[in-house]
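*Asks:* Dropping the structure in here first, questions after.
Nothing in this text is a laboratory measurement; each read-out follows from the coordinates by a stated rule. Remember, it's a predicted structure, so these values are computed and weren't measured experimentally. Neighbour counts run over all protein chains shown; Cβ positions are idealised from the backbone, glycine included.
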Amino acid sequence: MVVLVGSTCMAQQLSEKSKISLITCSPGEELYARYGHTALLVYDPELHVQWVFNYGMFDFNVEDFYLKFVKGETWYELGVEDYQQFLIAYSYEKRQVYEQELNLSLAQRQAVLDALLTNYEPENRKYLYNFVFDNCATRPVRLISEVLGGDLRSSYRGYQGLTYREFISHYTRPSSWADFGINLLFGKRADQPMDSTANLFLPEEVMNYVSGATMADGKALVRSQSIHPFEIKKVPWYATWYLGAVLFFVLTIVVSRLDRRRGRFSWWYDAIFVVIYLLLVGLVFFLVHYSIHPLVGYNWRLLVFPVIHLCARLTYLFRA
């Protein structure tokens, strides 16, 4: 992506023809991209400006990046990109880009741009990323609300009664291995029903919220839009964790019956399972006690495969 830096992104006085739009990108194939993405577009044909302000930039080359990522200590930053380059990048990934032009006065549009440029200052552009409470989706909608004095209301209530776990599971594709893995790491806090605007850490929810939003004077926040519900791909049966659990159960029964027939126990099989399981438990322990991830914790799903293993291994006691 082309990042505009230095004097290219200096303060500008927007013209009457300018517009501010919320940009929402559909999910991608990679796990980190399955939730979609949110950005803000500043467009002014008279100034030849088409800037995309993107709060989702980060640097893989930071020292101990992966350790910091696991601990939840990843610093993201605000980047500025040319809109055409932005579209090309998402088109290459075959992801849709939806636009919602905001119904703002010139003064309000200017205030949004000024706030974005302030956030883009070198001393302000970095922030400690938090997947649920402070990310690339929460920041744009929060900035818009602050510019409007906090007087932003929406008729959209898609979050009512649902939990963090249910919402996140929807985007990670229910019954997928990724969904199972994430649910292994989530604790009780993830099962709390979301209230107020807690759902606005997900780009599609931000898009829907803004679509139904009104300002203090009763005017709709969106002047025009081209949006569509996210299409979440279903997981084929052969890629579900349920099938994996069944195959593990069957394999363990086969090993147990062969052990019974030969009259000796394959300790190596159990040792491999125990080592893998202890590594998993160690990861959960580390995240619970040494990371700042907000939703991690212990839960009953950690017992799924140990119970399957134990039940299948008990067949060793049965005579053929």
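*Asks:* Between ARG260 and TYR298, take the C-beta separation as r, use R0 = 41 Å, and let me know the FRET efficiency to the nearest 0.05.
*Replies:* Working: r = 35 Å, r/R0 = 0.84.
Once the sixth-power term is evaluated, E becomes 0.75.
*Asks:* Still on this model: Report the net charge of residues surrounding PHE201, where surrounding means a beta-carbon distance below 13 angstrom and charges are Lys +1, Arg +1, Asp -1, Glu -1. Before the final figure, lay out each step's value.
*Replies:* On the way: positive: ARG139, ARG142; negative: ASP134, GLU204, GLU205.
Result for the neighbourhood of PHE201: -1.
*Asks:* Among the trypsin sites (Lys or Arg not before Pro) within region 47-113, which fall in a DSSP loop and have no more than 13 other Cβ atoms within 10 Å of their own Cβ? Each step should come with its number before you reach the end.
*Replies:* Values: sites: LYS68, LYS71, LYS94, ARG95, ARG109; in loops: LYS94, ARG95.
For trypsin sites (Lys or Arg not before Pro) across region 47-113 that sit outside H, G, I, E and B with at most 13 neighbouring Cβ atoms in 10 Å, the list reads LYS94.
*Asks:* Can I ask one more? Add +1 for every Lys or Arg and -1 for every Asp or Glu among the other residues with Cβ under 14 Å from the Cβ of ARG142, and state the total.
*Replies:* Numbers: positive: ARG139; negative: ASP134, GLU146, ASP151, GLU205.
Cβ neighbours under 14 Å give a net charge of -3.
*Asks:* Take the cross-link list LYS188/LYS234; LYS68/LYS94; LYS71/LYS233; LYS71/LYS94; LYS94/LYS234; LYS126/LYS219 and give me the ones stretching past 22 Å between alpha-carbons.
*Replies:* Details: LYS188/LYS234 26 Å; LYS68/LYS94 30 Å; LYS71/LYS233 30 Å; LYS71/LYS94 32 Å; LYS94/LYS234 17 Å; LYS126/LYS219 33 Å.
As for pairs spanning more than 22 Å Cα to Cα, those are LYS188/LYS234; LYS68/LYS94; LYS71/LYS233; LYS71/LYS94; LYS126/LYS219.
*Asks:* Separate question: Determine the shape class of region 64-171: with a ≥ b ≥ c the square roots of the Cα gyration tensor eigenvalues, call it rounded for a/c under 1.5, and otherwise prolate if a/b is greater than b/c, oblate otherwise.
*Replies:* The shape class here is rounded.
*Asks:* If packing is taken as the average number of other Cβ atoms within 10 Å across a peptide's residues, how do 120-132, 227-239, 30-42 rank, most packed first? List each step's numbers first, then the result.
*Replies:* Working: 120-132: 14.0, 227-239: 12.2, 30-42: 20.2.
The peptides rank, most packed first, as 30-42, 120-132, 227-239.
*Asks:* Where does each of ARG257, ARG319 land when they are ranked from fewest to most other beta-carbon atoms within 10 angstrom? All intermediate terms of the calculation are to be shown ahead of the outcome.
*Replies:* Numbers: ARG257 15, ARG319 4.
Lowest to highest Cβ neighbour count: ARG319, ARG257.
*Asks:* Long-range amide H contacts for MET57: which residues qualify at under 5 Å (H placed 1.01 Å from N, peptide plane, sequence gap of 5 or more or a different chain)?
*Replies:* Placed amide hydrogens put GLU77, GLY79 under 5 Å from MET57.
*Asks:* Compute the signed sum of charges (Lys and Arg +1, Asp and Glu -1) over the other residues within less than 14 Å, Cβ to Cβ, of LYS19. Intermediate results must be reported in sequence, preceding the final value.
*Replies:* Values: positive: LYS17, ARG109, ARG223; negative: GLU16, ASP44, GLU46, GLU99, GLU101.
Overall, the nearby charge balance is -2.
*Asks:* Report the gain in length on full extension from ARG319 to ALA239: 0.36 nm times residue separation, minus Cα-Cα distance, nm rounded to one decimal. Can you show the working numbers first?
*Replies:* Details: separation 80, 0.36 × 80 = 28.80 nm, distance 3.40 nm.
Once the chain is fully extended between ARG319 and ALA239, it gains 25.4 nm.
*Asks:* Further question: What trypsin sites (Lys or Arg not before Pro) in region 139-215 are in a loop by DSSP, with at most 11 other Cβ atoms within 10 Å of the Cβ? It would help to have the intermediate numbers written out before the result.
*Replies:* Details: sites: ARG142, ARG153, ARG157, ARG165, LYS188, ARG189; in loops: ARG157.
When the trypsin sites (Lys or Arg not before Pro) of region 139-215 are filtered for loop state and at most 11 Cβ neighbours within 10 Å, ARG157 remain.
*Asks:* Dipole of region 16-64, Cα-centred, from +1 at each Lys and Arg C-beta and -1 at each Asp and Glu C-beta, to the nearest 20 debye?
*Replies:* Values: 3 positive and 8 negative charges, 68 e Å.
In total the dipole reaches around 320 debye.
*Asks:* For region 161-175, in order, what is each residue's ³J(HN,Hα) by Karplus, 6.51 cos²θ - 1.76 cosθ + 1.60 with θ = phi - 60°, in whole Hz (x at glycine and Pro)?
*Replies:* x, 8, 9, 4, 4, 5, 5, 5, 4, 4, 7, 7, 6, x, 6
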